Amino acid sequence: MSDSLLRHIASIGDQFAIEGSCVEGHEIESGHINTTYLATYERPNGGRKRFILQRVNEHVFKDPEAVMRNVQTVTRHINEKVLREKKDAGGQTLSLFPARTGAAWVKGEGGALWRCYNFIEGCHTYDVVENTRQAYQAAKAFGAFQDLVRDLPADQVEETIPGFHDTRARYHRLMEVVAADPQGRVGKVQEEIATIQSYEAWLGRLLDLRDAGEILERITHNDTKVNNVMIDAKTDEAVCVIDLDTVMPGLSLYDFGDLVRSATSPVDEDEPNTALVEMRMPIFEALVEGYLETARNFLTPLEIELLPFSGKVISLETGIRFLTDYLEGDLYFRTSRQDQNLDRCRTQLQLVKAIEEQEEQMLAFVKKVAG
Ligand code: ADP
Ligand code: GN1
Ligand code: MG
């Protein structure tokens, strides 16, 4: 921890109504979007308390204040319900810690918008799921989360990223970027483009079903990557769903699908050796069991049947997004090395293939569990 980083973190944290002084701080780099610091404060009585300080990425979120209004609405709704119904997914809940002014966020240099959350103690987030219990717990927690927010009136939640899971629009955008080739990288990714094009027939299927009224839009999380749930380090129990910036109207299936995408592979999302990517069936089974435990009461039979497909479609969508960002010069997702977004794209396409190969067994399992 450098002195200048500590001073920087303290200069942000001190604007929140935290007692005492900032004695430790470091950056958490597991998310691809926001800037996240862990700050430890020493209280006047000598006790220590930890906080998360987070800068909303204003390149990704064009209206960061709308994001904050949503986060306020969602955290309040959940906290009230959990208190009233004692219906908590695991134990702790996420709350915004107020600024000294009483506001829910502070404005820093260059218009940066910072917020402060309670630190969820005793937990880890996993980029790669280690066992079926973690998978079961994560899916159960996201199902419970969907159940908690689905009664939020749609007019109380703003669309923080328009068309976020419009897979078809994501595809057309990729094709535009391929045509423009702003960084001269298209030559290197012909194979990936051809693979993506070969999937065009089914990539809009969930959207078509939504438009036909066959599957319903609800308020959903929309970023259910498995490292967006805090898992108890000792018991592997899911304690709290985090990363609420994209809670808005969406399809429950995109949430489940993103769990399949992010939890079933045994290697990191940016693994350069795609031969190591797999869709681990026992992890998928645990995801289905955990998710149905909390989501069965509101999912329709058609949605349940589409659970395996949802993993395939969001792996493709995410692959498309990584490739688009690679071709545009790595402007959206945080990268720490060259070709990282390309490697990320390739793992996603490998997952699509792995899911396609096992889709029948996946569906057979879903049918068995759903009865
Ligand atoms: P991003 O949008 O960049 O993904 P996240 O909100 O997911 O940002 O936060 C990034 C990481 O920071 C998470 O994966 C988690 O490890 C950690 N984190 C975020 N919020 C908390 C919290 N309230 N308590 C503990 N850790 C947190
Ligand atoms: C981003 O913020 P993070 O790292 O939890 C992204 C998701 C992608 C994911 C891919 C707001 O999630 O949509 O699926 O990266 N979040 C946003 O790893 O774009
Ligand atoms: Mg995150």
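Bear in mind that the values in this text are calculations on the coordinates, not laboratory data. Here the structure is a predicted model, which is why all the values come from computation and not from measurement. All Cβ positions, glycine included, derive from the backbone under ideal geometry; neighbour counts span all protein chains shown.
Where in region 303-337 are there trypsin sites (Lys or Arg not before Pro) that are in a DSSP coil and have at most 10 other Cβ atoms within 10 angstrom of their Cβ?
Details: sites: 312, 321, 334, 337; in loops: 334, 337.
Passing both the DSSP loop test and the Cβ count: 337.
What does the highest-first list of 167-173, 355-361 look like by mean Cβ count within 10 Å?
167-173, 355-361
Grab the Cα-Cα distance for residue 368 and residue 8, subtract it from 0.36 nm times how many residues apart they are, and report the gain in nm with one decimal.
Values: separation 360, 0.36 × 360 = 129.60 nm, distance 5.40 nm.
Value of the extension gain: 124.2 nm.
Which shape class applies to region 139-178: rounded if a/c is under 1.5, otherwise prolate when a/b exceeds b/c and oblate if not, where a ≥ b ≥ c are the square roots of the Cα gyration tensor eigenvalues? Oblate.
Work out how much length residue 357 to residue 235 would gain on full extension: take 0.36 nm times their residue separation and subtract the Cα-Cα distance, in nm to one decimal.
Details: separation 122, 0.36 × 122 = 43.92 nm, distance 3.34 nm.
Length difference between fully extended and current span is 40.6 nm.
Screening the chain for whole DSSP H helices of 18 Å or more along their axis (Cα) with average Kyte-Doolittle hydropathy at least -1.0 returns 64-85, 132-149, 167-180, 281-295, 307-328, 340-370.
As a calculated quantity, the FRET efficiency between residue 210 and residue 45 at R0 = 51 Å, using C-beta atoms, amounts to about 0.40. Extending 7 Å from Cα along the Cβ direction at residue 166 and again at residue 72 yields two label points whose distance is 2.8 nm.
With a Förster radius of 35 Å applied to the beta-carbon distance between residue 276 and residue 100, the computed FRET efficiency rounds to 0.10.
Spin-label pair residue 188-residue 154: with each label point 7 Å from Cα along the Cα-Cβ axis, the two points sit 4.2 nm from one another.
Assuming R0 = 30 Å, what is the FRET efficiency of residue 180 and residue 201, from their Cβ-Cβ distance, to the nearest 0.05? Please list the in-between numbers first.
Values: r = 25 Å, r/R0 = 0.83.
It comes to 0.75.
Going from the residue with the fewest nearby Cβ atoms within 10 Å to the one with the most, 61, 284 rank 61, 284. Between region 342-371 and region 36-58, the alpha-carbon centres lie 39 Å apart.
Other residues whose C-beta falls under 14 angstrom from the C-beta of residue 164 contribute a net charge of -4, scoring Lys and Arg +1 and Asp and Glu -1.
What does the net charge come to around residue 41 if you take all other residues with beta carbon closer than 11 Å to its beta carbon, with K and R at +1 and D and E at -1?
Details: positive: 43, 48, 49, 50; negative: 14, 19, 24, 42.
Net of charged neighbours comes to 0.
Identify which of 264, 220, 36 has the largest mean-square fluctuation in a Gaussian network model of the chain, with springs joining Cα atoms closer than 10 Å. Residue with maximal mean-square fluctuation among 264, 220, 36: 36. How would you classify region 3-121 from its alpha-carbon gyration tensor, with a ≥ b ≥ c the square roots of the eigenvalues: rounded for a/c under 1.5, else prolate if a/b is greater than b/c, otherwise oblate? In terms of gyration-tensor shape, oblate. The average projected area of the chain, computed from the convex hull of its Cα atoms over all directions, is 19.2 nm².
What net charge is computed for the residues neighbouring residue 366, neighbours being all others with C-beta under 14 Å from the C-beta of residue 366, Lys and Arg scored +1, Asp and Glu -1? Kindly include the intermediate steps, with their values, before the conclusion.
On the way: positive: 296, 312, 367, 368; negative: 285, 289, 293, 303, 305, 359, 360.
Combined, the nearby Lys, Arg, Asp and Glu give -3.
Classify region 277-371 as rounded, prolate or oblate, taking a ≥ b ≥ c as the square roots of the eigenvalues of its Cα gyration tensor: rounded when a/c is under 1.5, otherwise prolate if a/b is larger than b/c and oblate if not. In terms of gyration-tensor shape, prolate.
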